[in-house]
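Scroll down for the structure; my scribbles are underneath it.
The values are calculated or read from the model by the stated rules, or taken from the named source; none is laboratory data. Here the structure is a predicted model, which means the values were calculated and not measured. Cβ: placed from backbone, ideal geometry, glycine included. Neighbour counts: every protein chain shown.
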Amino acid sequence: MLRYSLRRVFGSVPLLLLICAFVFALLQAAPGGPLSSSEGGGGAAEEAMSRMRQQWGLDQPAYLQFLHWLSQLLHGEWGTSFNSGQPVLQLILERLPATLQLASASLLLSILIVIPLGTAAALRKRSWIDYAITGVSISGISMPIFWLALMLLYLFSFRLGWLPSAGLGDIRASAEGWDAVAERARYLLLPVACFTLVTVASLVRFMRGSMLDTLDQDYIRTARSKGLPRRAVVGKHALRNALIPVVTMFALELPRLFLGSVVIETIFALPGVGRLFIDSVQVRDYPVLMGILVIASALVVLSNLVADLLYGWLDPRIALGKV
Amino acid sequence: MLLHLTRRGALALGAAATLALTTVPAFAQPAPKKGGTAVIALIQEPGSLNRFLTTQTGAILGKMVVEGLFEADEKGNYYPVLAAQIPTQANGGISADSLTVRYTLKPGIQWSDGQPLTSADYVFTFEAYANPGSAPAGDAITPAWKQIESVTAIDPLNFSVKMKQPNPGYLELFNVVLPRHKFDGPVVTNQHAQSRMPLGTGPFVVKEWRTGDAIVFARNPHYRDSGRPYLDQVVAKVIPNREVALQGLLRGEVDTLFFPVTGDLPTLLKAQKEGNPIQVAMQSSKSWVEWLWFNNADNGDAKRPHPVLGDPAVREAIDRGIDRRQIIDQVFGGLGQLTGSLLYSGWAAVDIPATPYDPAKAAQVLEAAGWKKGADGIRSRNGVRASLRFQTVSGDRTRELYQQLIQQNLKDVGIEVKIQNVPSNVLFGAYKDGGLLKRGNFDIAMSRDGYVIDPVVWAGKFTSDQIVTAEHVEGLNVMFYSNAEYDRLVGQAGSIVDPAERRKLYAQAAQRFAADRPALPLYSSAWGWAWSNRLGGVKTDHWLGIWPLAADWYVAR
């Protein structure tokens, strides 16, 4: 199990590099650069621009820029942002709390909702509960997240005035202690609800399907014919096995939560990593972009590893290499 | 919703705008209360607030912190801020040969850390500018800086600047100043702590910057006016979604918006009319103008005139054939202004009215010049069809709307226009990258420009020494316009410092330009500000808007 995991992690390093090189090449190929201005441009700017180009190493060929960046990275140097002059790592770390709060709250809520709801739908196949859950799920998948976010905002914030519309807290007055926690929760309620709804919508059908498959298995029939109570059959035998594919899905949600919250973060004005990414794309802030991409790629690898470990726990046959 | 406004609705909005403009200054002056926080919704977060290194948003918000020797009012007239007076030849501030300018600081001004502001800081600022290791690129660093030969301190309050040649932009200099005591040496790049959160002499200091969330400005304890600022704090809260920011303003979650764009103004004016607790003030002077750039040469060859646009009659017909009022009424809900002047903004503005819409006259001009209508309604002369490409940055839906209006207008007078919009880097790209403008590979291009305080750079763009060639790729005259009289007038106006004399020369140059029509002004965008009734003391009479005068803001209720 350990050897298997280690092999996977080290095997991912070249993959990570490849992704980085590919992304770097894409960025270079995109029109414009960090110094391109959209319109106009005076006479003085040209001179300043060539100075900056030199300072940032943009006058070098692209592959040299990439190799330079790579060697710096291996020395623990993540570089500084073109846009703000701040160290890249610090910029990302500053943005991490908002993203993590949003992501972990949504993920936790999603898990708590998806498992019972999906199970219930499977146990009462073709009942009104099943149809209701499937209906909500399909409309959730079909709804663009930005639309959902704006509608929630419109209803709860602009129309009813129950919840604040933007940011992480009241700017005019700062709260302390438990009040601050309560305030933060109030500000995060809408974005978390939005994110959770979308995640639940896409995963609940998966949970239902997986549970249905499991319930058809021979060992479930055996357990039933042994006369085990229904609760034990579903809770002990079926659930654990039905969770295996669902766990993969949840693990793969992790990187999506890291970057996929761009829309939510933008609409609700949350200072998260997703927005840092988009802002950096807009000004072609290569060092920041590369920093975020390295972390995101690492996260993909890591979450796959997490999925593997969870497999081993849920199904010992996988850890022993018997499947 | 903008597009569904009827002409009547537009008139109503226009009236509301006028009303807003007239009622705002009429507010009675209660004694402003001290304390409180104002919240600015910031739609795009800048990377830095230091005008030495940054432009646009950061540079403008930075004005609450770092002041210039001089600032310009809404009309572009300079007034002294950190300087004691405006140097002129009459008061001895400018030498007889116009080459040396002496600047005098107001006495007793301190940096927000309590250190005195002295001429040594200005000497240092120039050293930093001139150091090859520095990267000055801010709004404050105008081409006028290039004319500086040396800066010398005379005493703590006086310093003299020697110019390489008479520098008409001497009031633009030192729009920013760096605190010498905060730097180890004159190399200033965007990685210095001062670059992001600069120290200044203004009413506020940058207290905290939580990226992606908020920039907190706090009262400067050492501000020269002990009564102001009234507010304890101004917080710029980053709200990237414009719709959310607008709603936040209407609901009182934020106090003002950085900044409303033209498309927001009808919404804001309507909201004000419906009783939302906000004030909307329209800028009375003209702001950015949308220009039609004509290619006066044949495919980048300055010696050969453009086969169609090279004929002054065609340019005149286009000028008369476009219904500019229709663009403002149908696309912008009646908001915006018209001008016919190259120099429509700033202290040297020349008032030339826009050419009236007269398609009959346009057709007549073309007819007289020998452009005859063909079977398809498009004119031609000697086998050359009056067919032109019309290009701007692609993806701008609003522009596409009035491009179509113009296309129809010109079709009516017998000129065919083909809309072929391209990405910005294709249109504005460098010569080596084959940029369409730089290579003269276009017929009519459209972009915004010309909103300037001083015309020296702007008017200088159209002189013949700025024509782009393979040897002179950094040239700015992409219209390939060449006129000896215009060259002489603008050249002269750019080499003397006397404002009255310069104004006269620029007025003549603008007349020449309007007669030659190497480019056409279409309309000037409406510009305005909106703030919550919670905020009092908001003034619009600074060139950069309401922000630099935040010292006067107070919590009204």
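When we screen A:209, A:274, A:235 for residues that are under 18 Å from residue A:93 (Cβ atoms), assigned to a helix (DSSP H, G or I) and out of contact with any Cys (no Cβ under 6 Å at 6 or more places or on another chain), the only hit is A:274.
Hey, does region A:263-278 have a residue that's over 24 Å from residue A:17 (Cβ atoms), away from chain B (no Cβ under 14 Å) and surrounded by 19 or more Cβ atoms within 10 Å (Cβ to Cβ)? Within region A:263-278 (the criterion being over 24 Å from residue A:17 (Cβ atoms), away from chain B (no Cβ under 14 Å) and surrounded by 19 or more Cβ atoms within 10 Å (Cβ to Cβ)), the answer is no, since none of the residues qualifies.
Sub-6 Å Cβ pairs linking a first residue in region A:178-195 that is in contact (Cβ under 8 Å) with a residue 60 or more places away in the chain to a second residue that is surrounded by 12 or more Cβ atoms within 10 Å (Cβ to Cβ) and of a type in the set (Phe, Trp, Tyr), at least 6 apart or interchain, are A:191/A:268, ordered by first then second residue. Do we have residue A:198 as more than 12 Å from every other protein chain (Cβ to nearest Cβ) and modelled with pLDDT of 90 or more here? So residue A:198 fails the test. The strands (runs of 3 or more DSSP E) falling completely within region B:383-461 that include 2 or more residues that are within 11 Å of another protein chain (Cβ to nearest Cβ) map to B:444-449. Take the conditions (1) buried (at least 20 other Cβ atoms within 10 Å of the Cβ); (2) modelled with pLDDT of 80 or more; (3) of a type in the set (A, V, I, L, M); residue A:223 misses just one of them, which is (1).
Let me confirm something: among B:265, B:309, which residue is buried (at least 17 other Cβ atoms within 10 Å of the Cβ), modelled with pLDDT of 95 or more and away from every other protein chain (no Cβ under 14 Å)? Working first, answer last.
Details: B:265 fails: modelled with pLDDT of 95 or more.
Matching residue, one of B:265, B:309: B:309.
Please find, within region A:75-101, the residue that is nearest to the other protein chains (Cβ to nearest Cβ) out of those that are within 19 Å of residue A:270 (Cβ to Cβ) and not aliphatic (A, V, I, L, M). That would be A:84. Under the condition of being touching a helix residue (DSSP H, G or I) at 6+ places or on another chain (Cβ under 6 Å) and within 14 Å of chain B (Cβ to nearest Cβ), which residue from region A:162-185 is modelled with the highest pLDDT? Ranking the qualifying residues of region A:162-185, first place goes to A:162. For the structure I just gave you, tell me whether residue B:193 is crowded, with 18+ Cβ neighbours inside 10 Å and either of a type in the set (Gly, Ala, Ser) or within 14 Å of another protein chain (Cβ to nearest Cβ) (or both). Answer is no for this residue. Of everything listed in (1) farther than 29 Å from residue B:212 by Cβ; (2) touching a helix residue (DSSP H, G or I) at 6+ places or on another chain (Cβ under 8 Å), the single unmet condition for residue A:126 is (2).
Checking the conditions here, which among B:217, B:259 is within 14 Å of chain A (Cβ to nearest Cβ), within 20 Å of residue B:554 (Cα to Cα) and among the aromatic types (Phe, Trp, Tyr)? So that I can check it myself, show each step before the final result.
Values: B:259 fails: within 14 Å of chain A (Cβ to nearest Cβ).
Criteria check complete, one pass: B:217.
I'd like to check something: does region B:177-198 contain any residue that is modelled with pLDDT of 95 or more, among the β-branched types (Val, Ile, Thr) and within 22 Å of residue B:77 (Cβ to Cβ)? Yes - at least one qualifying residue is present in region B:177-198. When restricted to residues that are under 15 Å from residue B:248 (Cβ atoms), more than 8 Å from every other protein chain (Cβ to nearest Cβ) and not hydroxyl-bearing (Ser, Thr, Tyr), region A:150-161 contains 2. Restricting attention to region B:231-250, the residues that are more than 23 Å from residue B:59 (Cβ to Cβ), in contact with a helix residue (DSSP H, G or I) (Cβ under 7 Å, 6 or more places away or on another chain) and in a loop (DSSP other than H, G, I, E, B) total 1. When region B:224-245 is limited to residues that are surrounded by fewer than 24 Cβ atoms within 10 Å (Cβ to Cβ) and more than 10 Å from chain A (Cβ to nearest Cβ), the one that is farthest from residue B:105 (Cα to Cα) turns out to be B:242.
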